[in-house]
1. Would you look at the GNM of the chain, springs on alpha carbons closer than 10 Å, and say which of 48, 94, 19 moves the most?
2. Would you mind working out the magnitude of the charge dipole of segment 79-177 relative to its Cα centre, with +1 at each Lys and Arg C-beta and -1 at each Asp and Glu C-beta, to the nearest 20 Debye?
3. Test of understanding: in a Gaussian network model of the chain with alpha carbons linked when under 10 Å, which of 41, 125, 114 would top the mean-square fluctuation ranking?
4. Probe radius 1.4 Å, ligands and nucleic acids ignored: give me the carbon and sulfur share of the accessible area of the chain as a rounded percent.
5. Using 11 Å as the cut-off for backbone N distance, which residues of segment 128-158 belong to the label zone defined by a point 7 Å from the Cα of residue 167 along Cα→Cβ?
6. Specify the residue with the greatest mean-square fluctuation among 74, 17, 28, computed from a Gaussian network of the chain linking alpha-carbon atoms under 10 Å apart.
7. Which length gain, in nm to one decimal place, applies between residue 35 and residue 105 when the Cα-Cα distance is subtracted from 0.36 nm times their residue separation?
8. In terms of solvent-accessible area of protein heavy atoms at a 1.4 angstrom probe, what is the ranking of 172, 101, highest value first?
Amino acid sequence: MRRFAAPWDRQLLTSTIALLAVIAFTAIAGTAGALQANMRGIALAVALFSSGIAVGAWAFAPRAYVIGGGRLRILRNGWPSVAVPLSDVRSVSLLDADALRGSLKLLGMGGLFGYYGIFKSPVLGSYRLHATRGSGLVLVRTQAHNHVLTPEPAEDFTEALLAAAPKARRERLRPAR
């Protein structure tokens, strides 16, 4: 089994701190206002909703990637991991950050503990993002989905996945024009 870290970049750290500050300010102001108006149920709902957003975002965020036991597993902080059978991996490629340019977020998170969810891009088509930074991107194409990951180091991860996945080949992407 090989485990690869998912380190944060400065942009994710900054956005997470800023978004947590906004969530905390909103929760405190909303709860205080509701308590002042003697609406305890609303105060409780605001506090629970705000906490739920922060905890939920943390739980879904990627924390590491593991290759072994016939699977690529995308480990998350507090939610079950995503398991991709190695026999389903068709290709692996390193991506530059421009490959995600113009992506549309269909369902996901963009900056609170990570970047994850379902996206669509002119270059990649539909893909599932499990990232913690904007560089060191790896595209893993499977029978069912395209996954974009940010393992550290990306080159070693790519080589390990190509060696472990029986049908995988190296893919070289051409930038969109």
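The values are calculated or read from the model by the stated rules, or taken from the named source; none is laboratory data. Here the structure is a predicted model, which is why all the values come from computation and not from measurement. Cβ: placed from backbone, ideal geometry, glycine included. Neighbour counts: every protein chain shown. Accessible surface is based on the protein model in full, side chains and every heavy atom, while ligands, DNA and RNA are left aside. Shrake-Rupley method; radii C 1.70, N 1.55, O 1.52, S 1.80 Å.
1. Top of the fluctuation ranking is 48.
2. 460
3. 41
4. So the carbon and sulfur contribution to the accessible surface is 60 percent.
5. 142-144
6. Taking springs between Cα atoms under 10 Å, the residue moving most is 28.
7. 21.6 nm
8. Largest accessible area first, the residues go 172, 101.
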